[in-house]
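Novice: This is the structure I have questions about; it appears just below.
No value in this document is a laboratory result; all are computed from the given coordinates. Please read all numbers here as calculations on a predicted model, not as lab measurements. Ideal geometry is used to build each Cβ from the backbone, glycine not excepted, and the neighbour counts take in all protein chains shown.
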Amino acid sequence: MFKIVSKKVLGPDIKLFDVEAPLIAKKIMPGQFIMLRIDSHGERIPLTMVDRDAAAGTVTIIFQEVGKTTRQLGTLGPGDAVADFIGPLGRYHPMGGEHKRVLGVGGGIGVAPLLPKTREFKANGNRVESIIGARSKDLLILEDEMRAASDELVVCTDDGSYGHKGFVSDILQARLDESTDYDFVLAIGPPIMMRVCRDLVKPYGVPVYVSLNTIMVDGTGMCGSCRVTVGDEVKFACVDGPEMRGEEIDFDEMMARQDRYLAEEKCALDRYLKEVG
Amino acid sequence: MAGTPEELRKAGVRQLEKTPMPEQDPQERVRNFREVPFGYTDEMAIAESWRCLECKDAPCITGCPVEIDIPAFIAAVKEGDFRSAVGVIKRTNSLPAVCGRVCPQEVQCEIVCLRGKKGEPVAIGRLERFVADWEAEHGDPELPKIAPPNGHKVAVIGCGPGGMTCAGDLAVMGYDVTVFEAFHASGGVLRYGIPEFRLPKAIVDRETHYLELLGVKFSYNMVIGKVWTLEEMRRDGFEAFYIGTGAGLPWFMKIEGEGLNGVYSANEFLTRANLMGAYDPEHNDTPIWVGKRTAVIGGGNVAMDSARTALRLGSEHVYIVYRRSRVEMPARDEEIHHAEQEGVEFLLLQNPLKIQDDGKGWVGGMECIRMELGEPDASGRRRPVPIEGSEFILDVDCVVVAIGNGPNPLLIEATPGLKVTKWSNIVTDEAGRTSIPGVFAGGDIVTGAATVIEAMGAGKIAARAMDAYVKGDKTWPDLEKKD
């Protein structure tokens, strides 16, 4: 069992846990993920690492309550534990370096995995410009942390309730109109947002990276559930990613694949909500 | 079947065919996940055992990858001494309940059985299964003599049949053995791959418990290579390692449409259903979707398991699409037979060309071509050749790709100096020694996808070599030229 050491509520249905997992805490790097399973009846879900504390032996995760599993997870708190917590999984890509100029874009819950990447960029001597956004103010997370980790931060909301009004991609477009002198762009968020960002950046020839949160079962390369078509190759997000160059990813296919279990997931959620009242 | 011992003996000696094993009715069993065969009764086992001639040269022993003394265990069954029988088996095979169910006996011990020259061979597999189950039903298993702790710590990576065998043997020799497993449960392919109706998970639990009684420790949720490297483990005191991480990277056909919804690798399909319990949505959260009409591509045991699982999950038509003919099918006879009984339709000498989109991102059909057999290829099997102009559309909405698996890359990538073949299988000598001193490997990660019993045989050989290595025989092969 893996103990939940602390819990924070970051927004409506958005929660942060520090989970006790000393071996993983020593090893996990920005961009890598863990798989967790709440109990023996649970499903395994992937969550990208947000932070880690090797001394305390904890790994920080953030999740949004969407389906049955994340809702159930949200009911847990300090003193509770999850049955399984597996990692570090996925490849670690060191990116950038001294005097490089980097643009990070985070949408919604995607700001969570962007934070450790941003911190690492800064620590490695990159100049880091960040754009983060959410549907509305209450859904915006980690603003202070991102501000501290970035040389420059722009915040936006879809409804204009905070920061600039508009999508992160609108701000990205404005940036690129000003200058395309970036060494690379990293965009993390919902698939549609990543695709739009990729489409905006690609024509300028600036390398663009994304982090794929596709449906996984084992997370170790064994099942191929997470496969994506990249150019004329098939890649597994779990072992080849989750971070990948975005230029050639077939996002249409990837987004269609994300809907595979909508019906089953709805049934599971309805049943759960009925159970817990 | 009932009778006095003498009647059973007489019946058995004369009988040309195997004593049938009772099983669930096909119509009934396609609606549940319970085990198909019920197993022999005491009487059936004794009658069957009398069919064994106890040949002096015992070809069956050499046919067995772990060299079970088959005539000796069967002789004990004849006397009704089932406990001694299982004791004989366990001298060389720590997982008899598993092997009795999943070994391809028809190409191993049974193919060389003298009784098979006229009529059917002795049902060695069914007898093995019987005595193992008998033991489980009669209290705690008898443990072999375990050597006193020798103070040496060794690691087994991967809790499949090979790793479990290796761990069991080392524990008996007095080693402090820990098995590291990436999943949350033991068994490897026995749990995630082989369905409940063919190998009940209670049996895997039982075999795991037996290893615990031998003193083996299990460490789950440990992705070795990622969370802990071999080098770090060595610094922590592990003196030798056995890598049995298996063939766990599914192959796809590389044809158009494999990214569509409704296309699974057999690994995904079976892992969802078995390990994650998706066949029971009332109690388990992992979802699975199955179509009305399912095509399973491939002709091995995994294909049969997938097809039969699809039926049980409610698919109305299930096809096996295999590019060669029935004779070349690598699946066990019993699995093919069971699949046929249950209504799986076999489309032989047919090969998929393209999976069609229904316009909404889901499978809308599969274009196939008919094949004929040409000259033998490298595997010795006749090569299937497409018949021009024979393309047709198979009306399916779900496709399960069961054409095999490559080696899982995680540990290999994290272990510099570990020599692999161009197919990324680990290179070893015949004792399982890899290119790194103290590191041994065996099973599918070395040979490519093979059988449970072959992996067990490799685990056994490596256990002996590991023992010699730790005790001071540090000779190590030069694998430079081997590939």
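Novice: For an R0 of 22 angstrom, estimate the FRET efficiency from the Cβ-Cβ distance between B:ASP81 and B:CYS55 and round to the nearest 0.05.
Specialist: Taking R0 as 22 Å, the efficiency between B:ASP81 and B:CYS55 is 0.60.
Novice: Another question, if that's okay. Per residue, what volume in Å³ does the Cα convex hull of the protein assembly as shown take up?
Specialist: So the per-residue hull volume is 185 Å³.
Novice: List B:LEU190, A:LEU176 from most exposed to least, where exposure is judged by having the fewest other Cβ atoms within 10 Å. All intermediate terms of the calculation are to be shown ahead of the outcome.
Specialist: Details: B:LEU190 24, A:LEU176 17.
Ranking B:LEU190, A:LEU176 by Cβ neighbours within 10 Å, fewest first, gives A:LEU176, B:LEU190.
Novice: To continue, here is another question. Nearest 20 debye, what's the magnitude of the dipole of chain B about its Cα centre given +1 on Lys and Arg Cβ and -1 on Asp and Glu Cβ?
Specialist: Around 780 debye, computed over chain B.
Novice: Now for a separate question. Compute the relative contact order of chain A as a whole-number percentage, counting only Cα pairs closer than 8 Å that sit 6 or more residues apart in sequence.
Specialist: Worked out over chain A, it gives 16 percent.
Novice: While we're on this one: Calculate I(q)/I(0) for region A:101-258 by the Debye formula, one identical point scatterer on each C-alpha and no solvent, and give its log10 at q = 0.15, 0.16 Å⁻¹ to two decimals.
Specialist: Result of the Debye calculation: -0.77, -0.87.
Novice: Could you work out the mean count of beta carbons from other protein chains within 10 Å of each residue's beta carbon in B:217-226? Before the final figure, lay out each step's value.
Specialist: Working: counts 0, 0, 0, 3, 13, 3, 11, 0, 1, 12.
Partner Cβ neighbours, averaged per residue: 4.
Novice: In what sequence do B:ILE157, B:ILE387 fall when counting other Cβ within 10 Å, fewest first?
Specialist: The order, fewest Cβ neighbours first, is B:ILE387, B:ILE157.
Novice: Continuing with the same structure: Could you work out, for region A:25-148, what percent of all Cα-Cα pairs fall into each 10 Å distance bin, beginning at 0 Å and stopping at the bin that holds the largest distance?
Specialist: Bin by bin from 0 Å, the calculated values are 12, 39, 35, 12, 2.
Novice: Scan chain A and note any complete DSSP helix (H) whose C-alpha atoms cover at least 20 Å along its axis and whose Kyte-Doolittle average is -0.5 or more.
Specialist: Helices meeting the criterion: A:262-276.
Novice: Placing +1 on the Cβ of each Lys and Arg and -1 on the Cβ of each Asp and Glu in chain A, which of A:LEU269, A:GLY74, A:MET255 has its Cα farthest towards the positive end of the resulting dipole?
Specialist: Farthest towards the positive end: A:GLY74.
Novice: Once label points are set 7 Å from the Cα along Cα→Cβ at both B:ARG235 and A:ARG147, what is their separation, rounded to one decimal in nm?
Specialist: 4.1 nm
Novice: Express the relative contact order of region A:2-89 as a whole percentage, based on alpha carbon pairs under 8 Å and six or more residues apart in sequence.
Specialist: It comes to 40 percent, rounded to a whole number.
Novice: Further question: Principal axis lengths of region B:303-369 from Cα atoms, whole Å, largest first?
Specialist: 39, 27, 13
Novice: Looking at the protein assembly as shown only, what percent of DSSP beta bridges run antiparallel? Nearest 5 please. Display every interim value, and only then the final one.
Specialist: Working: 53 of 111 bridges.
If I count the DSSP bridges inside the protein assembly as shown, around 50 percent turn out antiparallel.
Novice: Identify which of A:GLU248, A:GLU152, A:GLU233 has the largest mean-square fluctuation in a Gaussian network model of chain A, with springs joining Cα atoms closer than 10 Å.
Specialist: Of A:GLU248, A:GLU152, A:GLU233, the most mobile in the Gaussian network model is A:GLU233.
Novice: What number, in percent, do you get for the relative contact order of region A:101-258 if the mean sequence gap of Cα pairs under 8 Å and at least 6 apart is divided by its residue count?
Specialist: Numbers: 308 pairs, mean separation 29.9, N = 158.
Once normalised by length, the contact order is 19 percent.
Novice: Within 10 Å of each Cβ of B:278-291, how many other protein chain Cβ atoms are there on average?
Specialist: Counting other chains' Cβ atoms within 10 Å and averaging over B:278-291 gives 5.
Novice: Moving on to the next point. Once whole DSSP H runs in chain B are found, which of them have Cα atoms spread over 24 Å or more along the helix axis and a mean Kyte-Doolittle score of at least 0.0?
Specialist: Helix filter hits for chain B: B:452-470.
Novice: Given only helices, namely DSSP H runs of n ≥ 4 each adding -39500 (n - 2.57), what is the per-residue ellipticity at 222 nm of the protein assembly as shown, to the nearest 500 deg cm²/dmol?
Specialist: Mean residue ellipticity, 222 nm, calculated: -9000 deg cm²/dmol.
Novice: Moving on. Return the average number of partner chain Cβ atoms within 10 angstrom of each residue Cβ along peptide B:449-457.
Specialist: That average works out to 0.
Novice: Which net charge results for the neighbourhood of A:GLU43, defined as the other residues with beta-carbon distances under 15 angstrom from its beta-carbon, given Lys and Arg at +1 and Asp and Glu at -1?
Specialist: Computed value for this residue: -2.
Novice: Specify the residue with the greatest mean-square fluctuation among A:GLY87, A:GLY246, A:GLY163, computed from a Gaussian network of chain A linking alpha-carbon atoms under 10 Å apart.
Specialist: A:GLY163
Novice: Quick one: divide the alpha-carbon radius of gyration of chain B by 2.2 N^0.38 Å and tell me what you get.
Specialist: On the way: Rg = 23.1 Å, N = 483, 2.2 N^0.38 = 23.0 Å.
This ratio for chain B stands at 1.00.
Novice: Further question: Give me the dipole magnitude in Debye, nearest 20, for region B:199-357 about the Cα centre, with unit charges on the beta carbon: positive for Lys and Arg, negative for Asp and Glu.
Specialist: 320 debye
Novice: With a Förster radius of 30 Å, plug the Cβ-Cβ distance of A:GLN258 and A:ASP80 into 1/(1 + (r/R0)^6) and report the FRET value to the nearest 0.05. Kindly include the intermediate steps, with their values, before the conclusion.
Specialist: On the way: r = 29 Å, r/R0 = 0.96.
After rounding to 0.05, the efficiency reads 0.55.
Novice: Can you put B:LYS145, B:LYS254 in order, fewest other beta carbons within 10 Å first?
Specialist: On the way: B:LYS145 5, B:LYS254 9.
With the sparsest Cβ surroundings first, the list reads B:LYS145, B:LYS254.
Novice: Mind checking the log10 I(q)/I(0) for region B:30-163 at q = 0.14 Å⁻¹? Debye, one equal scatterer per Cα, no solvent, two decimals.
Specialist: -0.67
Novice: Around B:THR92, with a cut-off of 11 angstrom between Cβ atoms, what is the net charge of the other residues, counting Lys and Arg +1 and Asp and Glu -1?
Specialist: 0
Novice: Compute and list, largest first, the equivalent-ellipsoid semi-axes of region A:2-89 from the alpha carbon gyration tensor, each √(5λ) rounded to a whole angstrom.
Specialist: In descending order, the three semi-axes are 18, 14, 12 Å.
Novice: Give the residue from B:GLY448, B:TYR469, B:GLY417 lying farthest towards the positive end of the charge dipole for region B:378-483; charges sit on Cβ (+1 for Lys and Arg, -1 for Asp and Glu) and the dipole is referred to the Cα centre.
Specialist: B:TYR469
Novice: Comparing A:HIS164, A:HIS99, A:HIS41, which has the greatest mean-square fluctuation in the GNM of chain A with Cα pairs linked when under 10 Å apart?
Specialist: Among A:HIS164, A:HIS99, A:HIS41, the largest GNM mean-square fluctuation belongs to A:HIS41.
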